[in-house]
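The values are calculated or read from the model by the stated rules, or taken from the named source; none is laboratory data. A quick note: this is a predicted structure, and the numbers were derived from the prediction, not measured. Counting neighbours? That spans all protein chains shown, and the Cβs are built from the backbone with ideal geometry, glycine included.
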Amino acid sequence: MDNYFYSYREMISRRGLTDHTMKSYCTYILAYLGYLSDVLRKDPVDVTWQELRDYIKWLQKTRQLNDRTINTAISQLRFFTIYVLHRPWDSTQLHFVNSIPIFLLFLLKRKSGSSFPHTMPDLKQKTLVTVMYFSGLRIGEVCHPRYEHIKRKQMRIYIPRLKNRSDRYAILSQNALQMLTEYWYAYDKATGWLFPKQFDSEKPIDTFYLSRHIHAHEDRLEWEHRLTCHSFRHAFGTHFYEKGTADKLIDIIYYVAIPFYLDCVFKGLCPSDKVHLAQALI
């Protein structure tokens with residue numbers, strides 16, 4: 001079974017995934033190969049579609065996995081079948097679970113996006129949420145910046161290879177810079193991780209830290225638990241759109257991937273779009 005796993009890991013590594021995602025996907029195939037070895041005692045090439053369906057039922061019954069996790073397992077079985085076993089995948093034989101509820105993401109109003117972090121009692125939490133909203137960062141991006149990633153002169157935040165392993169720059173608005181500066185002076189002018197763990201400054205805070213305190217602040221405000229960390233990034237892009245910012249420009253602000261790209265594009269913008277981009281940095 002080891003050879004199958006090594007082949008899978010080699011193939012999945014070519015997709016440019018993060019280490020965390022790679023490790024997560026590998027656990028699905030390790031579990032499957034373990035099932036074949038310990039329960040079915042069969043080689044993967046000899047497994048029938050019925051046995052694949054039985055495996056998914058076994059996961060649902062014994063592991064009590066939710067539908068989203070089951071679909072991820074099916075997705076990795078599909079990848080394993082096509083790229084490791086070199087066999088076609090018949091989606092009619094093993095369906096994805098369709099009972100996943102679709103939730104509409106709660107959209108913060110522009111006033112709430114600004115006021116929510118400023119009413120938080122802790123300066124670190126206030127800074128994290130402010131930067132997340134005014135720079136449109138993902139939760140993993142806002143929790144893991146280092147001092148040298150904050151480019152004050154260029155008004156940018158360097159985001160090293162996180163999602164999809166691509167470096168990018170996010171805008172550093174005046175609001176975000178002001179909060180970061182206040183936090184930096186209050187927290188001993190950190191030169192490593194900007195938001196280290198309380199008892200281990202060599203490691204950045206966990207993403208769970210921020211989610212937990214956002215929900216705690218909703219309780220203080222007597223709000224329903226409707227916010228997620230991604231709500232602030234979603235609001236960031238939506239509020240630009242509501243201002244009349246061009247779609248192309250929102251893409252630039254939202255997903256700037258290479259340092260010189262923003263400068264090149266700025267030179268080619270019409271005057272009104274240049275104004276919108278300048279406003280994005282305020």
Among (1) closer than 30 Å to Ile12 by Cβ; (2) part of a strand (DSSP E or B); (3) at pLDDT below 85, where does Lys203 come up short? (3)
Which of the residues spanning the range 132-146 are in contact with a strand residue (DSSP E or B) (Cβ under 8 Å, 6 or more places away or on another chain) and either outside any helix (DSSP H, G or I) or at pLDDT 90 or above (or both)? Gly136, Leu137, His144, Pro145, Arg146
Give the range 213-238 a look and list any residue that's more than 19 Å from Leu123 (Cβ to Cβ) and among the aromatic types (Phe, Trp, Tyr), or say none. Trp223, Phe236
Criterion first (aromatic (Phe, Trp, Tyr), closer than 27 Å to Thr207 by Cβ and touching a helix residue (DSSP H, G or I) at 6+ places or on another chain (Cβ under 6 Å)) does Tyr83 satisfy it? no
Out of (1) over 17 Å from the mean Cα position of the chain (by Cα); (2) under 13 Å from Phe232 (Cβ atoms); (3) in contact (Cβ under 8 Å) with a residue 12 or more places away in the chain, the odd one out for Glu182 is which? (2)
Total residues in the range 51-65, condition among the polar types (S, T, N, Q) and surrounded by 13 or more Cβ atoms within 10 Å (Cβ to Cβ): 1
Can you pull out the residues in the range 12-45 that are more than 25 Å from Trp58 (Cβ to Cβ) and touching a residue at least 40 places away in the same chain (Cβ under 8 Å)? Gly16, Leu17, Thr18
Quick one: would you say Phe116 is assigned by TED's automatic domain parsing to the domain that holds Phe236, among the hydrophobic types (A, V, I, L, M, F, W, C) and either in contact with a Ser or Thr (Cβ under 8 Å, 6 or more places away or on another chain) or at pLDDT below 90 (or both)? yes
Just one of Thr18, Thr48 is loosely packed, with under 15 Cβ neighbours inside 10 Å, among the polar types (S, T, N, Q), at pLDDT 90 or above and out of contact with any strand residue (DSSP E or B) (no Cβ under 8 Å at 6 or more places or on another chain); which is it? Thr48
Find all pairs meeting these conditions: Cβ atoms under 9 angstrom apart; at least six residues apart or on different chains; first residue within the range 76-94 and free of Cβ contacts under 8 Å to residues at least 40 places away in the same chain and hydrophobic (A, V, I, L, M, F, W, C); second residue surrounded by 14 or more Cβ atoms within 10 Å (Cβ to Cβ) and assigned to a helix (DSSP H, G or I). Trp89/Leu77; Trp89/Arg78; Trp89/Phe79; Trp89/Thr81
What about Lys153, is it touching a Pro at 6+ places or on another chain (Cβ under 7 Å) and among the basic types (Lys, Arg)? no
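Okay, residues lined up against (1) among the aromatic types (Phe, Trp, Tyr); (2) assigned to a helix (DSSP H, G or I):
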site: Arg9; (1), (2): no, yes
site: Tyr25; (1), (2): yes, yes
site: Ser37; (1), (2): no, yes
site: Val45; (1), (2): no, yes
site: Thr69; (1), (2): no, yes
site: Leu77; (1), (2): no, yes
site: Trp89; (1), (2): yes, no
Candidate set from the range 165-199 (those that are farther than 19 Å from Gln125 by Cβ and surrounded by fewer than 16 Cβ atoms within 10 Å (Cβ to Cβ)); member that is modelled with the lowest pLDDT: Arg165
Answer yes if at least one residue in the range 193-205 is out of contact with any strand residue (DSSP E or B) (no Cβ under 6 Å at 6 or more places or on another chain) and either basic (Lys, Arg) or more than 29 Å from Thr21 (Cα to Cα) (or both), and no otherwise. no
